[in-house]
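The values are calculated or read from the model by the stated rules, or taken from the named source; none is laboratory data. A quick note: this is a predicted structure, and the numbers were derived from the prediction, not measured. All Cβ positions, glycine included, derive from the backbone under ideal geometry; neighbour counts span all protein chains shown.
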Amino acid sequence: MKRISPAALLICLLSIAFAAQAQEQPTTKECVEKNYLLAAGAEVATRVCGEHQTVTAYIPANISALSVQDIRKKGTAKQAYSSIANKNTILIASGGFFGFRSDGVEKPIGLIRSSGKRLVKLMEWDHGGILVSDRKGNVKIIPAQNRNQAGAWSEAIQSKPIIMHKGAIDIRKNPRDAEFNRVAIGYTLEGDMLVVGVFHSFSQASTLYDFAQKFKEIAENRGLKIHRALALDGGAGAQIHIPSKGLLFGDSGRSYFPNAIRIDRLAEK
């Protein structure tokens with residue numbers, strides 16, 4: 001009988017052990033997807049891949065109204081948004097930008113109109129746009145060059161940039177484009193709305209250009225031709241909340257929240 005050396009025996013035993021351990025490892029999916037049905041035919045899809053989350057909310061035409069909510073509070077997004085939700089709320093998402101007063105206190109920047117009243121004045125930005133609504137289900141994004149038209153709408157929120165126009169990406173790659181959490185809202189000429197957010201545990205989800213590509217891909221997979229899509233506040237301000245399902249997406253830490261957009265189910269006639 002051929003004698004086995006101690007070293008060869010050790011290698012053999014280790015190989016068997018490693019093989020057994022490998023067989024015992026559970027097989028896990030790289031990404032986890034979930035779908036939630038909301039009121040009046042709206043739906044939300046989530047996709048989690050490691051530390052990255054993508055949230056897609058589809059709201060069909062003629063079932064909802066969009067309003068601009070004035071918040072101006074410091075705290076967590078959960079605290080800021082919980083007070084503005086109601087029983088008909090489908091979704092609450094990021095609002096516009098904020099800056100600082102001369103004394104260092106935060107303030108909203110960019111046009112804000114809510115319930116027919118102008119709360120914050122228009123900024124003369126040469127790009128971006130204004131998300132407007134009449135709270136009857138009609139939603140539109142007015143480009144910067146036509147910004148004076150926003151005064152005719154009861155709800156308006158100014159942001160930048162417009163990332164899609166007529167089904168195509170409407171921004172260029174920028175070497176200074178950094179990775180942040182992002183949220184954008186788009187609409188079709190038929191009145192459907194699409195809200196997309198990308199989130200990361202360290203708020204480093206995506207560059208703006210890559211986000212625009214993802215928005216376009218999601219829209220096309222749903223068979224939607226987005227007329228315009230507007231990026232909303234990013235970073236810690238990038239939030240999507242679905243109150244009816246208890247779903248909160250975005251940075252959970254403290255920040256300043258100037259405002260938000262809220263999409264509610266239209267009251268039945």
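Quick rundown of the values:
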item: Selection from segment 226-258 of residues that are over 11 Å from the mean Cα position of the chain (by Cα), of a type outside the set (A, V, I, L, M, F, W, C) and on the phi < 0 side of the Ramachandran plot; result: 227, 228, 243, 244, 245, 251, 252, 253, 254, 255, 256, 258
item: Residue in segment 169-180 that is surrounded by the most Cβ atoms within 10 Å (Cβ to Cβ), counting only those that are touching a residue at least 12 places away in the same chain (Cβ under 8 Å) and farther than 24 Å from residue 133 by Cβ; result: 180
item: Residue among 80, 65 that is under 19 Å from residue 264 (Cβ atoms), in a strand (DSSP E or B) and in contact with a strand residue (DSSP E or B) (Cβ under 7 Å, 6 or more places away or on another chain); result: 65
item: Any hit, segment 146-158, residues being of a type outside the set (Ser, Thr, Tyr), touching a strand residue (DSSP E or B) at 6+ places or on another chain (Cβ under 8 Å), at pLDDT 95 or above and more than 24 Å from residue 70 (Cα to Cα); result: no
item: Residue match in segment 252-267 (condition: without any contact (Cβ under 8 Å) to a residue 12 or more places away in the chain and loosely packed, with under 15 Cβ neighbours inside 10 Å); result: no
item: In segment 86-108, the residues that are surrounded by 19 or more Cβ atoms within 10 Å (Cβ to Cβ) and among the small types (Gly, Ala, Ser); result: 93, 94, 95, 96
item: First in segment 60-87 and of a type in the set (Phe, Trp, Tyr), second anywhere and surrounded by 15 or more Cβ atoms within 10 Å (Cβ to Cβ), Cβ under 6 Å, 6 or more apart; result: 81/92; 81/241
